[in-house]
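Q: Let me begin by handing over the structure; questions about it come next.
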Amino acid sequence: MKTILLTSLLVAVSFGLFAQTENSYHGKKITASGALPATELATKMADKKEMPAKVEGTVESVCKVKGCWMKVKTGDGQTMRVTFKDYGFFVPKDIVGKTVVVEGTAENTTTPVADLRHFAQDAGKSKEEIAKITEPEKALTFVADGVIVKK
């Protein structure tokens, strides 16, 4: 009986370890090859309004409600908000600090105050913090067709 229990435990642990080495895919199935580091995207964009891109970076935060957006570090303390094409898929809410590859469209945008407040609410910000948002934000954003979360 102890042998069966021990064998079952070892099999369960090995499946758990295997699952942790797999990348997870969300949206369109993409590959990581040819991804531009997120720290170089702003330079590549220059004065373009938008451009197709594949970018690799580190997740700084994720929508706490359902994983409907994430912020990826772009360097110098800046982040890029990543949303998902047609609200068609989401990412896990526990991927802060993980490396991701996103493929889709990079855009230079202006986000209205109402949207910024909505995002702050999704991120779990306090009412006081949300009330301090009074100006639209010009930023580099990204609409992803597909995402790889690297393990």
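The values are calculated or read from the model by the stated rules, or taken from the named source; none is laboratory data. Note that the coordinates shown come from a computational prediction; the quantities given were computed from them, not determined experimentally. Methodologically, a virtual Cβ is constructed for each residue, glycine included, from the backbone with ideal geometry; neighbour enumeration extends over all protein chains shown. SASA here: full protein model, heavy atoms, side chains in, ligands and nucleic acids out. Shrake-Rupley method; radii C 1.70, N 1.55, O 1.52, S 1.80 Å.
Q: Take region 113-134 and flag every residue that is touching a helix residue (DSSP H, G or I) at 6+ places or on another chain (Cβ under 7 Å) and of a type in the set (D, E, K, R). Write out each step before concluding.
A: Initial filter on region 113-134 (touching a helix residue (DSSP H, G or I) at 6+ places or on another chain (Cβ under 7 Å)): 117, 120-121, 129-130, 133-134.
Arg117, Glu129, listed by residue number.
Q: In addition: Looking only at region 74-85, count how many residues are open to solvent by 70 Å² or more (accessible area, probe 1.4 Å) and under 17 Å from Phe119 (Cα atoms). Step through it out loud before you land on a result.
A: Quick first cut of region 74-85, residues open to solvent by 70 Å² or more (accessible area, probe 1.4 Å) only: 76-78, 85.
Next cut, under 17 Å from Phe119 (Cα atoms) only: 78, 85.
Total meeting the criteria: 2.
Q: Which members of region 21-80 meet the condition of being out of contact with any Lys or Arg (no Cβ under 6 Å at 6 or more places or on another chain), part of a strand (DSSP E or B) and of a type in the set (Lys, Arg)?
A: Correct list: Lys54, Lys73.
Q: Output the number of residues of region 13-50 satisfying the condition of being surrounded by 10 or more Cβ atoms within 10 Å (Cβ to Cβ), at pLDDT below 55 and aliphatic (A, V, I, L, M).
A: 2
Q: Looking at Gly77 and the list (1) within 23 Å of Asn23 (Cβ to Cβ); (2) out of contact with any helix residue (DSSP H, G or I) (no Cβ under 7 Å at 6 or more places or on another chain), which single condition is not satisfied?
A: That leaves (1) as the condition not met.
Q: Hey, Thr99 hits all of (1) at pLDDT 95 or above; (2) within 14 Å of Leu140 (Cβ to Cβ); (3) open to solvent by less than 60 Å² (accessible area, probe 1.4 Å) but one; which does it fall short on?
A: The single condition Thr99 does not satisfy is (2).
Q: Considering only residues of region 103-151 that are in contact (Cβ under 8 Å) with a residue 24 or more places away in the chain and part of a helix (DSSP H, G or I), which is most open to solvent (accessible area, probe 1.4 Å)?
A: Pass one, region 103-151, residues in contact (Cβ under 8 Å) with a residue 24 or more places away in the chain: 103-112, 119, 122-124, 136-151.
Imposing the further condition that a residue be part of a helix (DSSP H, G or I) reduces the set to 119, 122.
Working: Phe119: 38, Asp122: 17 Å².
So the residue we want is Phe119.
Q: Quick check on my filter: what residues within region 51-70 are of a type in the set (A, V, I, L, M, F, W, C), open to solvent by less than 80 Å² (accessible area, probe 1.4 Å) and over 18 Å from Thr105 (Cα atoms)? Spell out the reasoning first.
A: First, pick out the residues of region 51-70 that are of a type in the set (A, V, I, L, M, F, W, C): 51, 53, 55, 59, 62-63, 65, 68-70.
With the extra rule that they be open to solvent by less than 80 Å² (accessible area, probe 1.4 Å), the set shrinks to 51, 53, 55, 59, 62-63, 68-70.
Result: Val62, Cys63.
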